[in-house]
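Worksheet: one structure, shown below.
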Amino acid sequence: MAKIITVINQKGGVGKTTVAVNLSSFMSEYFEKILLLDFDPQSDASVWLCKDYGNPVSQINTQQHTPKTEDILRFGLKNDLDDSAVRLELKALSLSAVSGHNPAVVTTSLNLDRIDREMTGIGERKAAAKLIETIKIISEDYDLVLIDTAPYISNLHYIVVSASDYILIPITLDATAIGGGGNVINLILSDVRKYYNNPGVSVIGVLINNYEKVSNISKAMEDMALEVFGDLIFKTRIKSAVKLRELPILNSTLDKIYPKLPLSQDFKDLALEIYNRMRG
């Protein structure tokens, strides 16, 4: 059974997709079969790795279209997941959704936002339970699943956190990003443990991203982050670098394009730190 990590922060611009995409490759040092699930309707991870610009798919037809995250979720909503035949069909659908990229990727589109509205048709609590189970079923054949999320809060955020073993919170050194990360812990994580039957989900760590140690303000913000998150903050910092902005254009990850850059070592260190925290 896979370990599932959701990359999340209520604040946009903190580098969630950059972290999720690159970690999906760097974590292959420790896990053989890795899946990246794009749960952001903006489809940034999909475009980055698969050149998939999120064209909506109104009808599933695996002969003509590659199913997306929302298609898999919709199938889970509409079917009886206690039926073994349905579970097999769901796994077949998710397998057909996986790109040829390594690690595997399931892309999404703007249609993902419709799932929120479709949940109301069968009751929010029942729908949430079915979607959580859907994520767990499609994760069964992997060792590690990373979920990239949108920079706001919706029902889907509660669902993916409820399906997860861990959450990873990227922040930048500004008050709104630190506050957004704090909201994830104090609101989403608290509610998931209390109301969504997943008391075991935990914070694998808080990552200081786009790090520039150049000013007194940065130092003050770092002190604030340490005060808010304490030992949850990873020792590793991911530095700010122009090379990171090139990777989506190249449809690849840092280790494959620039393996000798110091920034690659940052991600190697982060992957090791995450692995050690998962083990211990």
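Tell me the angle of helix 216-229 to the major Cα principal axis of the chain, expressed in degrees between 0 and 90 and rounded to the nearest ten.
50 degrees
Fewest Cβ neighbours within 10 Å first, please rank Asp80, Asp143, Asp191, Asp266 accordingly.
By the 10 Å Cβ count, ascending: Asp80, Asp191, Asp143, Asp266.
Starting at 0 and stepping by 10 Å, how many percent of the alpha carbon pairs of the chain end up in each bin?
Calculated over all Cα pairs of the chain, the distribution is 7, 30, 37, 20, 5, 1, 0 percent.
What's the exposure ranking of Asp231, Asp44, Asp83, going from fewest to most Cβ atoms within 10 Å?
Asp231, Asp83, Asp44
Based on Cβ point charges of +1 for Lys and Arg and -1 for Asp and Glu, what charge dipole magnitude is obtained for segment 3-279 about its Cα centre, in debye rounded to the nearest 20?
Charge dipole, segment 3-279, about its Cα centre: 260 debye, nearest 20.
With n ≥ 4 as the cut-off for DSSP H runs, can you work out [θ] at 222 nm for the chain, using -39500 (n - 2.57) per run divided by the number of residues, rounded to the nearest 500?
Estimated from H runs of four or more residues: -14000 deg cm²/dmol.
Work from the charge dipole of segment 3-279 (Cβ charges, +1 for Lys and Arg, -1 for Asp and Glu, about the Cα centre) and give the residue of Ser162, Ala85, Ala129 farthest towards its positive end.
The Cα lying farthest towards the positive end belongs to Ser162.
With an 8 Å cut-off on Cα pairs and a minimum separation of 6 or more residues, tell me the relative contact order of the chain in percent.
28 percent
Given DSSP loops and a limit of at most 12 other Cβ atoms within 10 Å, what is the longest stretch of the chain that contains no such trypsin sites (Lys or Arg not before Pro)?
It works out to 52-212.
Could you pull out every residue, at least 5 positions away or on a different chain, whose amide H is within less than 5 Å of the one on Val145? Hs are placed 1.01 Å off N in the peptide plane, and Pro or chain starts have none.
Answer set, sorted by chain and number: Lys3, Ile4, Ile5, Leu35.
May I ask which residue of Ala97, Ile4, Thr236 lies farthest towards the positive end of the charge dipole of segment 3-279, with charges of +1 (Lys, Arg) and -1 (Asp, Glu) on Cβ and the Cα centre as origin?
Thr236
Nearest 10 degrees is fine. How inclined is helix 84-97 to the longest principal axis of the chain, computing both from alpha carbons?
So the helix axis and the longest Cα principal axis differ by about 50 degrees.
So what's the net charge close to Val7: Lys and Arg +1, Asp and Glu -1, counting the other residues with Cβ under 9 Å from its Cβ?
Every neighbour counted, the sum reads 0.
The numbers here are math on the coordinates, done by the rules we state, and not lab data. No experiment lies behind these values; they were computed from the predicted model shown. Cβ atoms come from the backbone with ideal geometry, glycine included; neighbour counts cover every protein chain shown.
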